[in-house]
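Reading through the structure tokens given below for one structure.
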Amino acid sequence: MKIPSNIITLIIGVIITLISLWYGQNHGLLPVAASEDAKQVDNIFNFMMTIATGLFLLVEGVLVYSVIKFRRRKGDTSDGPPIEGNVPLEILWTAIPTIIVFILALYSFEAYNNMGGLDPMTSKDTPPQQIAMGSEHHQMALGIGNSNTGDTPAVVVEVKAIQYAWIFTYPETGIISGELHVPIDRPVRLNINAGDVLHAFWVPQLRLKQDAIPGREAVLAFTANLEGDYPIICAELCGAYHGGMKSVLHVDSKEAYAQWEDANKPVQEASLGETVATNPKNMTDKEYLSPYAEEMGINHDMVAELVDHSEHSF
């Protein structure tokens with residue numbers, strides 16, 4: 001019994017579709033996703049992998065079939081049939097990639113816009129606090145990122161890129177660190193700039209990358225939703241030791257982040273009610289030197305004994 005060619009074509013098409021859909025979701029090529037933005041990027045990548053797998057199987061399948069089916073037989077010395085072209089086929093294989101490119105462009109644009117890529121200060125998913133904080137930098141800042149967690153205030157971090165290190169400053173607490181700590185499920189806003197040459201802040205697990213440009217502030221906003229330690233990499237060739245310009249993003253639980261803040265806060269000044277400003281010019285020698293004498297273990301009896309000994313010596 002001979003199976004009709006259209007039935008065979010349908011079966012092959014179904015098989016290719018199923019394989020493409022499965023591999024597009026199970027390729028295992030990406031690192032763990034640690035934010036909602038990462039999931040949007042992963043969806044685009046998975047969609048592209050599904051299409052690419054289907055096209056690969058289709059094209060390579062046709063090639064393998066043609067090599068076997070239309071191979072030169074033993075003893076056949078004749079030329080192949082003179083085929084000049086097939087206009088409908090050429091239109092088809094031009095139209096299909098064009099449609100695919102347009103679909104990917106629209107899908108990518110929507111995801112990029114949702115992530116705040118067009119305007120991180122006024123992204124439709126950015127909380128009002130984010131917009132208020134960013135308004136003063138709006139004209140000079142560029143950036144990407146989304147941090148949609150309702151009314152939760154954002155953690156603001158000033159990021160300085162220099163050859164060859166990252167410096168993270170927390171304005172609210174005064175903490176300065178060589179590693180980035182953020183709490184889970186809380187929006188984070190990074191104000192990024194460079195002190196010397198071009199750098200790029202990149203965390204693969206966030207699927208976010210932002211250039212650090214001297215003289216221009218860039219914004220990167222995100223909300224991490226998976227605890228862990230993730231590498232921060234400079235993705236812009238910035239000099240001889242570019243490969244060593246690395247740091248770590250620590251996504252901590254709320255409790256662990258609070259403990260880290262308490263352990264790393266600078267020494268706080270006492271309240272004004274407990275602190276009295278003292279001018280050394282208005283102090284006697286005894287008042288000025290007393291704290292140092294106490295620190296060295298010198299007391300009044302020791303000083304009196306030394307004075308008495310010096311008087312008898314003369």
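No lab work stands behind these numbers, since they all come straight from the coordinates. Here the structure is a predicted model, which is why all the values come from computation and not from measurement. All Cβ positions, even for glycine, are placed from backbone atoms using ideal geometry, and neighbour counts span all protein chains on display.
Observations, loosely collected:
- With respect to the conditions (1) in a helix (DSSP H, G or I); (2) touching a residue at least 12 places away in the same chain (Cβ under 8 Å), Leu89 falls short on a single one, namely (2).
- Subset of segment 25-48 [surrounded by 16 or more Cβ atoms within 10 Å (Cβ to Cβ) and not in a helix (DSSP H, G or I)]: Ala33, Ala34, Ser35
- Residue count, segment 160-187 (criterion: in contact with a Phe, Trp or Tyr (Cβ under 6 Å, 6 or more places away or on another chain) and surrounded by 17 or more Cβ atoms within 10 Å (Cβ to Cβ)): 4
- Tally of residues being surrounded by fewer than 19 Cβ atoms within 10 Å (Cβ to Cβ), of a type in the set (D, E, K, R) and outside any helix (DSSP H, G or I) across segment 237-260: 1
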